1. So how far apart, in nm, are the two label points at PHE12 and GLN274 if each is 7 Å from Cα heading toward Cβ?
2. Would you kindly state how much longer the chain becomes between ASN2 and LYS109 on full extension, computed as 0.36 nm times their sequence separation minus their alpha carbon distance, in nm to one decimal?
3. Where does the longest stretch of the chain lie that holds no GluC sites (Glu not before Pro) found in a DSSP loop with 15 or fewer other Cβ atoms within 10 Å?
4. Give the separation of the Cα centroids, the range 1-35 to the range 242-301, in Å.
5. Could you tally the net charge around GLU120, taking each other residue with its Cβ under 14 Å from the Cβ of GLU120, Lys/Arg +1 and Asp/Glu -1?
6. Give me the extension gain from GLU248 to ASN53: residue separation times 0.36 nm, minus the current Cα-Cα distance, reported in nm with one decimal.
7. Looking only at the range 188-206, which residues have a backbone nitrogen under 15 Å from a spot 7 Å from the Cα of ASP88 in the C-beta direction?
8. Which ³J(HN,Hα) values, rounded to whole Hz and listed in residue order, are derived for the range 123-132 from phi using the Karplus coefficients 6.51, -1.76 and 1.60 in 6.51 cos²θ - 1.76 cosθ + 1.60 with θ = phi - 60°, glycine and proline given as x?
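Readers should treat all values here as calculations from the given coordinates under stated rules, not as data from a laboratory. All values reported here derive from a predicted model rather than from experimental measurement. Neighbour counts run over all protein chains shown; Cβ positions are idealised from the backbone, glycine included.
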Amino acid sequence: MNASNFVEGVDFSLYMIMGISLVFLIGITVVMVYFLFRYSKKNNPVATNISHNNTLEVVWTVIPTLLVIMMFWYGWTGYKPMLTAPEDAIEINAIGQMWKWSFEYPDGKITDSLVVPIDEPVKLNLISKDVNHSLYIPAFRIKQDVVRDAGNMMWFTAQKKGTYDILCAEYCGQLHAYMLTTITVMDRSDFDKWLLTEPDLSNQHPGLTILQRNACLSCHTRDGSRLVGPSFKGVMGTSETVVINGEETEITVDRAYIIESMKNPNAAIVKGYQQGLMISYEQIISAEGMNQVVDYLETIK
Ligand SMILES: [Cu+2]
């Protein structure tokens with residue numbers, strides 16, 4: 001059994017086009033080499049002036065036209081079913097952001113990797129929080145751009161249990177290559193059980209949960225190492241040089257600065273970091289949540 005319902009159509013088109021290309025590659029090369037000898041100066045000293053050959057011209061027009069129509073036909077019939085998801089498909093929001101995928105299930109469960117039941121159609125609503133991404137599941141032979149506010153979707157029916165890669169196939173900035181996760185296909189009964197098990201976050205700081213949910217840790221580490229944003233380690237209370245409207249200013253990293261940076265991330269960038277990479281979280285994280293984030297940052301010494 002194939003990994004998804006689209007594997008057969010996509011693979012058939014691919015192998016057919018590759019086969020036709022290969023036949024032409026070999027055929028043209030053989031004829032070319034043959035002509036090299038057959039019509040060399042030695043074998044054919046007097047050149048013949050050939051003005052036209054109706055039969056040959058009809059043949060080399062009609063055959064390639066038919067082949068190209070065939071390529072189009074199988075490409076189209078393989079692609080067309082991808083455009084309309086079945087009505088009864090399970091709808092999951094697939095959210096791309098710099099640089100992390102998250103998946104939101106109808107009951108509100110949010111995960112970092114995708115889990116779906118076998119043999120049931122699944123529709124992914126593709127949502128970008130920032131720049132263009134592209135959700136790509138090679139084993140399923142599907143890929144679709146994730147463009148902000150474009151309302152794109154993709155759907156599939158997984159047909160084989162297992163875990164497969166999900167990647168981002170649209171260069172979306174420095175850590176694009178880290179937008180890597182998985183899709184796991186399981187029986188309906190296991191899937192139902194999985195849906196009901198929430199990870200136990202009661203012992204985890206709520207601020208950390210917010211950081212994880214919003215992909216903050218894709219850019220800000222907790223161990224002091226430098227990514228595209230400053231590390232959170234020991235950041236509270238330090239003095240930093242920030243750039244405000246091109247002017248350098250010395251500030252102390254306090255609650256007000258961190259909260260302002262979540263709301264207006266590009267207003268006061270720490271010197272040495274790039275402008276414009278972070279989006280505003282004003283509409284995404286509540287005021288209470290922002291305070292919990294700062295509470296958590298205070299614990300990372
Ligand atoms: Cu991406």
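1. Between PHE12 and GLN274, the label points sit 4.4 nm apart.
2. Here the segment from ASN2 to LYS109 would lengthen by 35.7 nm.
3. The longest uninterrupted stretch comes out as 88-281.
4. A separation of 54 Å, based on Cα centres.
5. Result for the local shell: -3.
6. Gain on extension, GLU248 to ASN53, equals 62.5 nm.
7. Flagged as within label range: 188.
8. Once rounded to whole Hz, the list reads 10, 9, 7, 8, 10, 10, 8, 9, 8, 6.
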